[in-house]
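The values are calculated or read from the model by the stated rules, or taken from the named source; none is laboratory data. Please read all numbers here as calculations on a predicted model, not as lab measurements. So basically every Cβ, Gly included, is an ideal-geometry build from the backbone, and we count neighbours across all protein chains shown. All accessible areas refer to the heavy atoms of the entire protein, side chains included, with ligands and DNA or RNA removed. Shrake-Rupley method; radii C 1.70, N 1.55, O 1.52, S 1.80 Å.
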Amino acid sequence: MASPPSASLTGVLERIIFFNEENHYTIAEFRPEAVNPKDAEAKVTIVGALPGVECGETLHLAGEWTRHAQHGAQFKVTGFKSELPASVYGIRKYLGSGLVPGIGKVYANKIVDAFGTDTFRVLSEESGRLRDVEGIGKKRATSIKSAWDEKRTERELYIFLQTYGVTPSQCVKLVHHFGPQAKQVLMNEPYRVAREIDGIGFKTADRIAINLGFANDAPPRLDAGLIFALETLQEEGHTAYPEAGLVEYSSHQLETDSKLVEARIAALIETKAVIRHWPAGVANPLPGTALLQLPHNDRAEQKIADVVARLNRVGSGLPPIKADAAVKWAEDKAGFAFHELQRTAVRLALTHKFTVLTGGPGTGKTTILRALVDILKAKKVRVHLAAPTGRAAQRLAETTGGFASTIHRLLKYDPAGGGFTSNESHPLATDFLVVDEASMLDARLASALLQAVPAKAHLLLVGDTDQLPSVGAGNVLKDLIAAGAGQGTTPLIPVTRLSVIYRQKDQSGIVTAAHAINSGDPSLPPSVNELADIQAWSDLTFVVATDAEDCLRKVTALCTEGIPHLWKWFDPVNDVQVLAPMHKGVAGVANLNASLQAALNPHARGLRGLTAEYRPGDKVIQLRNNYDKNLFNGDIGTVTAIDATAGTLEAEFDGERHPFDRGEFGDLALAYAISIHKSQGSEYPVVVIPLLKGHFMMLQRNLLYTAITRGRKKVLIVGEPAAYAMAVRNSESKQRVTHLQQKVGVISGT
């Protein structure tokens with residue numbers, strides 16, 4: 001059947017091929033209007049979220065036509081309206097689909113034969129007449145009536161919700177959460193929906209509320225708008241925000257008078273929906289200078305501060321260790337003398353309960369960690385090593401010779417309880433915890449981690465403050481360093497800053513460029529115009545591209561031909577990682593993945609997901625934490641098998657194979673190219689970085705620094721020289737507003 005050009009279809013739902021109970025993602029056969037029911041060739045495939053629909057219903061669909069490589073034309077549904085079938089054919093199919101317990105195909109045929117197009121009215125208004133049908137007695141008639149009424153209520157609820165602009169997938173969440181009361185909640189408390197249901201934000205709730213007649217300046221709307229503003233600012237990394245700034249931001253978003261917004265803050269503070277902190281040590285603070293926080297951010301930061309106090313209050317549980325002698329022993333074992341800063345870092349970690357080690361690439365962090373682990377092992381100390389990502393944990397284990405795990409695996413998440421097994425009440429069985437890549441710790445994860453540290457244990461945070469900050473809200477590492485720096489000769493948190501570059505003796509272009517970027521030097525690394533001019537001995541090369549299309553072409557050519565030719569020992573899929581500043585655009589993550597998949601894995605038959613087609617051999621990334629599968633945001637794996645009939649795939653992560661059904665495809669994305677943000681905490685043998693002036697919104701010094709320092713052996717930047725200079729000169733990354741430093745100051749008495 002030829003695909004019609006319009007983005008709408010009306011017809012009868014013939015057969016449901018696949019249905020996901022969680023998100024109601026559906027694959028179904030659909031017969032458009034004016035098509036003979038017996039014409040099998042006339043049926044089309046529709047895909048999308050279709051909650052509450054049943055075979056035989058008349059559907060009015062909105063969406064777009066797409067083409068699946070294996071299954072051909074499909075209509076992707078973005079919205080729909082349903083009607084009970086009016087024809088005998090549709091009614092028979094609808095009742096016979098099994099949606100009403102007690103009515104199978106046999107009884108469906110009998111009921112429709114008896115009542116024809118009047119069937120639904122009989123079921124709703126004259127159900128006693130069902131007993132006139134052969135084989136249906138009083139008990140079965142009552143059961144059918146009850147099931148029919150329940151199904152009708154559910155249908156009416158979905159229709160009502162969609163009337164007010166609620167999408168099908170949002171309908172599913174509302175009904176799952178509120179059950180039969182969903183309509184009543186929506187009518188009376190629409191903003192409650194935004195507070196309680198993940199994935200339905202203020203804007204959706206606001207649209208519903210306004211459609212229902214709520215006033216623009218109604219207190220529930222202003223309150224919800226203020227909470228939404230804090231949540232939006234949280235997504236930008238802030239755990240707190242100045243009161244005056246929040247009022248201005250919220251009133252602009254709500255398009256209402258700032259005085260009305262300001263008046264509602266007191267009410268939110270009264271109910272503890274928002275926490276207010278006045279500036280410390282100021283007798284008469286000016287109005288609007290207080291910091292406001294959402295309760296969970298306030299709790300997370302307070303817990304971190306409490307642990308800092310606890311670790312410094314309780315004595316060490318380590319066996320007696322002569323720090324200077326231990327350092328000398330570690331030097332002898334390593335076969336070389338440490339720099340004085342390295343000796344200091346080891347001594348501080350052994351003699352203080354909570355310390356921080358920070359420095360850029362090549363400054364000797366690995367030497368310190370290896371020495372520390374050797375000393376602790378020799379003293380039979382229980383030492384645990386952790387990092388935010390799997391790759392960072394693996395690297396930590398390799399460099400120290402100890403066992404390392406991700407923070408999530410270390411704390412053991414309990415899906416049933418909704419929290420970590422290791423916590424303040426059940427601390428980790430450890431004497432010394434080392435956490436690498438601590439710049440990635442957001443406030444909530446840091447809070448969970450620190451609470452699980454036993455009172456007598458030591459804690460060492462290791463990180464590079466010049467990298468990108470955590471994806472989640474907070475500025476934990478920088479805040480703790482700043483809090484430690486402000487406490488004179490006896491800081492709560494001693495900090496060692498490494499500044500001497502040791503890897504320089506190897507003439508590392510990567511390390512040289514990283515430190516040049518940090519110092520604001522925009523000088524271009526060694527550059528070439530053509531791939532053939534790249535020198536195999538060089539570990540950092542800038543490949544000039546004339547525009548976005550040239551960049552895409554050269555990145556693809558590098559990954560498929562250039563790198564395998566220059567360095568035959570690197571696998572172009574597993575050892576090479578493309579890191580892009582942005583998701584969209586010609587040289588963005590999405591388009592790069594499409595180009596690289598076509599070049600590196602072109603022949604396999606795939607299975608269509610929400611954003612891409614997945615083929616055996618494809619490199620994929622996990623996009624969210626899945627505690628049931630023990631998979632976490634940023635984990636990278638490989639598709640090992642697909643089952644087109646069942647609509648499932650299997651992917652291997654760190655040697656373990658995991659199944660994914662179609663409803664879980666949204667958790668995956670192709671990973672030939674990933675964003676620089678997603679690469680935090682990881683290192684790759686070879687990194688390729690597209691860099692264009694068109695990426696200007698993301699071109700910042702810490703972004704480029706992070707990208708370059710992800711490369712362990714080779715880094716190739718492909719792009720425009722002006723974009724490199726733009727990134728280096730832009731050191732004004734957004735400052736995050738937090739309250740952690742002040743909280744640590746309070747518990748330390750400063």
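Under the combined filter of DSSP loop state and at most 14 neighbouring Cβ atoms within 10 Å, segment 237-299 retains these trypsin sites (Lys or Arg not before Pro): Lys272. DSSP finds beta bridges in segment 608-724, and of those with both partners inside it, around 75 percent are antiparallel.
Rounded to whole numbers, the Karplus 3J(HN,Hα) couplings from phi for segment 626-643 are 10, 5, 5, 8, 6, 10, 9, 3, x, 5, 10, x, 9, 5, 9, 6, 10, 10 Hz, using 6.51 cos²θ - 1.76 cosθ + 1.60 with θ = phi - 60°, and x at Gly and Pro. The label-point distance for Phe19 and Phe214, in a model that sets each label 7 Å from Cα toward Cβ, rounds to 3.2 nm.
Placing Glu650, Glu561 in order of accessible area, with the largest value first and a 1.4 Å probe, yields Glu561, Glu650.
Rolling a 1.4 Å probe across the protein heavy atoms gives segment 548-703 an accessible surface of 39 Å² per residue. Maximal additional length on extending the Met187-Arg140 stretch stands at 13.4 nm, based on 0.36 nm per residue less the C-alpha distance. What does the charge add up to near Val247, with Lys and Arg as +1, Asp and Glu as -1, over the other residues with Cβ less than 11 Å from its Cβ? Taking every Cβ under 11 Å from that of Val247, the sum is -2. Could you tell me the calculated FRET efficiency between Ser499 and Val471, based on Cβ-Cβ distance and R0 = 25 angstrom, to the nearest 0.05? That pair, Ser499 with Val471, gives E of 0.35.
Distant-in-sequence amide contacts of Asp618, defined by a placed amide H-H separation under 5 Å and a gap of 5 or more residues or a different chain, comprise Val639. In this rough spin-label picture, where each label sits 7 Å from Cα along the Cβ direction, the His68-Thr611 distance is 2.1 nm. In the chain, the DSSP beta bridges split such that about 55 percent are antiparallel, to the nearest 5. The base-10 log of I(q)/I(0) for the chain, evaluated at q = 0.07, 0.10 Å⁻¹, reads -0.64, -1.16 [Debye formula, identical scatterers on Cα atoms, solvent excluded].
Distance from the alpha carbon centroid of segment 683-717 to that of segment 377-395 works out to 27 angstrom. Distance between the 7 Å Cα→Cβ label points at Glu236 and Asp132: 6.8 nm.
Between Lys568 and Asp654, take the C-beta separation as r, use R0 = 22 Å, and let me know the FRET efficiency to the nearest 0.05. For Lys568 and Asp654, the calculated efficiency is 0.30.
Potential lengthening of the chain between Ala337 and His277 amounts to 16.7 nm, from the contour at 0.36 nm per residue minus the alpha-carbon distance. Based on Cα contacts under 8 Å between residues 6+ apart, segment 643-750 shows a relative contact order of 23 percent.
Note: relative contact order over segment 534-682, using C-alpha pairs below 8 Å and six or more positions apart, is 22 percent. The figure for Arg608 is an accessible area of roughly 100 square angstrom, using a 1.4 Å probe on the protein chains alone.
The calculated 222 nm mean residue ellipticity attributable to helices in the chain amounts to -11500 deg cm²/dmol, summing -39500 (n - 2.57) over DSSP H runs of n ≥ 4 and dividing by all residues. Per residue, the accessible area of segment 377-453 comes to 40 Å², computed with a 1.4 Å probe over protein heavy atoms only. Stretching the chain fully between Arg152 and Lys377 yields a gain of 74.3 nm (0.36 nm per residue, less the alpha carbon separation).
In the chain, what percent of the accessible surface is made up of carbon and sulfur (1.4 Å probe, ligands and nucleic acids excluded)? Of all accessible area on the chain, carbon and sulfur atoms account for 51 percent. For Ala244 and Lys584, the FRET efficiency from 1/(1 + (r/R0)^6), where r spans their Cβ atoms and R0 equals 41 Å, is about 0.75.
Listed peptides 629-638, 176-185, 577-586 appear in the order 577-586, 629-638, 176-185 once ranked by packing, highest mean of other Cβ atoms within 10 Å at the front. Shown here for segment 220-324: GluC sites (Glu not before Pro) in loop regions (DSSP other than H, G, I, E, B) with at most 14 other Cβ atoms within 10 Å, namely Glu236, Glu255.
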